[in-house]
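Take a look at the structure below.
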Amino acid sequence: MASTLPLPLTSPPQNPTPPPKTIITKPPTFRSRLSQLCKDGRPDLARRLLLDRPIPSTSTSTSTVLWNTVLIGLVCNGLPEDALRFLSLMSPASVRPDHYTFSSALKACADSNQLLLGRSIHARILRRYSRPNRILSNSLLNMYSSCGCRQVQLLFDRMRARNAVAWNTVIAWHARNARPSDAVVHFRRLLESGTAPTPVSFVNVFPAVACLDRALPDAVHALLLKFGGGFVGDPFVTSSAVAMYSELSDMDSARKVFDRTALRNTEVWNTMIGACVQNELPREALDLYLQIFESEIVSTDSVTLIAVLMAVSQLQSIDYGRQIHALVMKSAPMDSPVALSNALVVMYSRCGEVETAFRLFDEMSERDIVTWNTMVSAFVQNGFDSEGLMLVRAMQKKGFAVDPVAAMALLSAASNLGDSRIGRETHAYVFRRGSVSKGWIVT
DNA sequence: ATAGGGTTAG
């Protein structure tokens, strides 16, 4: 290109051809190969490549970067246990862990719920650094929060430089542990501290405000509009706000938030459809599904189909049910998730087609506890009590223990059959197993 | 290269 330009002859030569650098791509470095493998979802290959490397001719600090790359790759690909095993192979003589190592290790502990290991890493951090940096402190907060340890508050209170991430972590911790007012208090203190809230601040606080003062949800939503004009378009924030209004059964507000969102991805649609189902508005749910279908802009996934099947179950319309079933077969013919098959079984059962429900149940290659409970309840609810009882035996043979849902079906079947022996046995079983913490209701 | 986020069947 440069050679075709009419250059004046007097001017000095100006690199007539581009340097070879821009033509020949540099060979990938060992680190870039590792991180590419991790990005491609093959951290196992990256790990093997690193472990099989003949002799580490690189310096200790370079090694650390390589090890961190694989470690982060394992964590980000949902393999926290492998990450921690890999970490234990890091010999301190040749690889010296750094901030990145520790923060990834803490995330691995958080993801695999390993409090003891997390604590030991915390101790190593304190031995290494007099004061952990902000990211390490936030990683520690997250680890303790994920592992359900109360140390979160103490650690947070002692932090000097708290950024939004730290605040958000504590807000989420309170909200998830059924302390909505503490979550809101920290949200308020976040605003008072002068730290700018982030979209995550709102995502975390929304679930907490639904169960408090009725004025709060609108107040927090107003704050959202005031603080982050940019956040309202965030699909996460939208989903969270829709879910909050749905929880309050304020479907007008939920719909308003949804309608005002420019960027609606599959998850946002799923939340809105799920909100309709939760509030027993199956027609609205189906209508929304139809809109996705016609717009062809966003795609649907198994979560969408599950919600739609629940709506059909509420409507008890076998015609719609069969159509959705056909769509399920078309969209996910092979390995559809168990939850989707379960939802199909529920739908046929609610529409009164127990035989079809059982055929689907019978054809399933994988069944979980919900599958068994669903089919047992399907039998009992449709008057096939003996079949329900027999299926409970089959379920126990497969190693699934009777849980509160199955117990309810059993009691109901016993009562329908007038079988006092099974009724008494189930009652005794419930009493033996019973504890409120396990979801059992003891009477 | 590092921290926090929404929906999911009985």
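Compute a Gaussian network model of chain A, connecting alpha carbons closer than 10 Å, and tell me which residue from A:A178, A:A307, A:A275 fluctuates the most.
Its mean-square fluctuation being the largest, the pick is A:A178.
Please go through the stretch A:113-195 and write out the trypsin sites (Lys or Arg not before Pro) that DSSP classes as loop and that have at most 12 other C-beta atoms within 10 Å. Display every interim value, and only then the final one.
Numbers: sites: A:R119, A:R124, A:R127, A:R128, A:R134, A:R150, A:R158, A:R160, A:R162, A:R176, A:R188, A:R189; in loops: A:R150, A:R160, A:R162.
Here the sparse-neighbourhood loop sites are A:R150, A:R160.
Give me the distance in nm between label points sitting 7 Å out from Cα along the Cα-to-Cβ direction at A:R48 and A:R176, one decimal.
3.4 nm
For the stretch A:295-335, rounded, prolate or oblate, judged on the Cα gyration tensor with a ≥ b ≥ c (square roots of eigenvalues), a/c < 1.5 rounded, else prolate if a/b > b/c? Present the calculation step by step, with values, prior to reporting the outcome.
Values: a/c = 1.86, a/b = 1.42, b/c = 1.31.
Prolate, since a/c reaches 1.5 and a/b exceeds b/c.
If you take the beta carbon distance between A:S130 and A:N163 as r and set R0 to 25 Å, what does 1/(1 + (r/R0)^6) give as a FRET efficiency, to the nearest 0.05? The partial results should precede the final answer.
Numbers: r = 20 Å, r/R0 = 0.81.
So the FRET efficiency works out to roughly 0.80.
Quickly work out the A:T266-to-A:L411 label distance, labels modelled 7 Å from Cα along the C-beta direction, and quote it in nm with one decimal.
Simple spin-label model gives 4.0 nm for this pair.
With everything on Cα atoms, drop me the angle between helix A:251-260 and the longest principal axis of chain A, reported from 0 to 90° to the nearest 10.
It works out to around 30 degrees.
Just to be sure I understand: with springs between alpha-carbon atoms less than 10 Å apart, which residue in A:S139, A:S112, A:S365 has the highest mean-square fluctuation in the Gaussian network model of chain A?
Of A:S139, A:S112, A:S365, the most mobile in the Gaussian network model is A:S365.
Could you sort A:F293, A:F206, A:F431, A:F236 by their accessible area in this structure, using a 1.4 Å probe and putting the largest first? If you can, show how the numbers build up before the last one.
On the way: A:F293 105, A:F206 0, A:F431 130, A:F236 155 Å².
Order by accessible area, largest first: A:F236, A:F431, A:F293, A:F206.
What is the stretch A:113-172 by shape, rounded, prolate or oblate, if you read a ≥ b ≥ c off the alpha carbon gyration tensor as root eigenvalues and call it rounded for a/c under 1.5, prolate for a/b larger than b/c, and oblate otherwise? Write down the numbers at each step before the final one.
On the way: a/c = 2.00, a/b = 1.10, b/c = 1.82.
Note, shape of the stretch A:113-172 comes out oblate.
Using a ≥ b ≥ c from the Cα gyration tensor of the stretch A:66-147 (square roots of the eigenvalues), is it rounded, prolate or oblate, where a/c under 1.5 gives rounded and otherwise the larger of a/b and b/c decides, a/b for prolate? All intermediate terms of the calculation are to be shown ahead of the outcome.
On the way: a/c = 1.56, a/b = 1.05, b/c = 1.49.
In terms of gyration-tensor shape, oblate.
Kindly sort A:D52, A:D368 by accessible area of their heavy atoms, largest first, with the probe set to 1.4 Å. All intermediate terms of the calculation are to be shown ahead of the outcome.
Working: A:D52 105, A:D368 50 Å².
Ranked list, largest accessible area first: A:D52, A:D368.
Quick one: go through the stretch A:337-355 and flag any residue whose amide nitrogen is under 14 Å from the point 7 Å out along the Cα-to-Cβ line of A:M364.
Answer for the stretch A:337-355: A:337-350.
How large is Rg/Rh for chain A, to two decimals, with Cα atoms and a Kirkwood Rh?
Numbers: Rg = 28.4 Å, Rh = 26.6 Å.
Using Cα coordinates only, the ratio equals 1.07.
If DNA, RNA and ligands are ignored and the probe is 1.4 Å, what is the ranking of A:Y100, A:Y429, A:Y320, A:Y144 by accessible area, most exposed first?
Largest to smallest exposure gives the sequence A:Y100, A:Y320, A:Y429, A:Y144.
Take A:E355 and A:R150, extend 7 Å from each Cα along the Cα→Cβ direction, and tell me the distance between the two endpoints in nm.
5.9 nm
Given a 10 angstrom Cα cut-off, can you work out which residue in A:S341, A:S104, A:S32 is the most mobile in a GNM of chain A?
A:S32
Quick one: Cα centre-to-centre distance for the stretch A:369-437 and the stretch A:260-299, in angstrom?
35 Å
Express the carbon and sulfur contribution to the solvent-accessible surface of chain A as a percent, rounded to the nearest whole number, probe 1.4 angstrom.
Working: 14020 of 24730 Å².
Roughly 57 percent of what the probe reaches on chain A is carbon or sulfur.
How large is the helix-only mean residue ellipticity at 222 nm for chain A, computed as the sum of -39500 (n - 2.57) over DSSP H runs with n ≥ 4, divided by its residue count, in deg cm²/dmol to the nearest 500?
Working: 25 runs with 303 residues, N = 443.
Computed ellipticity for chain A at 222 nm equals -21500 deg cm²/dmol.
Take the alpha-carbon centre of the stretch A:63-120, take the same for the stretch A:150-188, and report the distance between them in whole Å.
Here the two parts' Cα centres lie 25 Å apart.
The values are calculated or read from the model by the stated rules, or taken from the named source; none is laboratory data. Please read all numbers here as calculations on a predicted model, not as lab measurements. Heads up, the Cβs are rebuilt from the backbone with ideal geometry, glycines too, and the neighbour counts pull from every protein chain shown. What goes into the accessible areas is simple: the full protein's heavy atoms, side chains included, and nothing from ligands, DNA or RNA. Shrake-Rupley method; radii C 1.70, N 1.55, O 1.52, S 1.80 Å.
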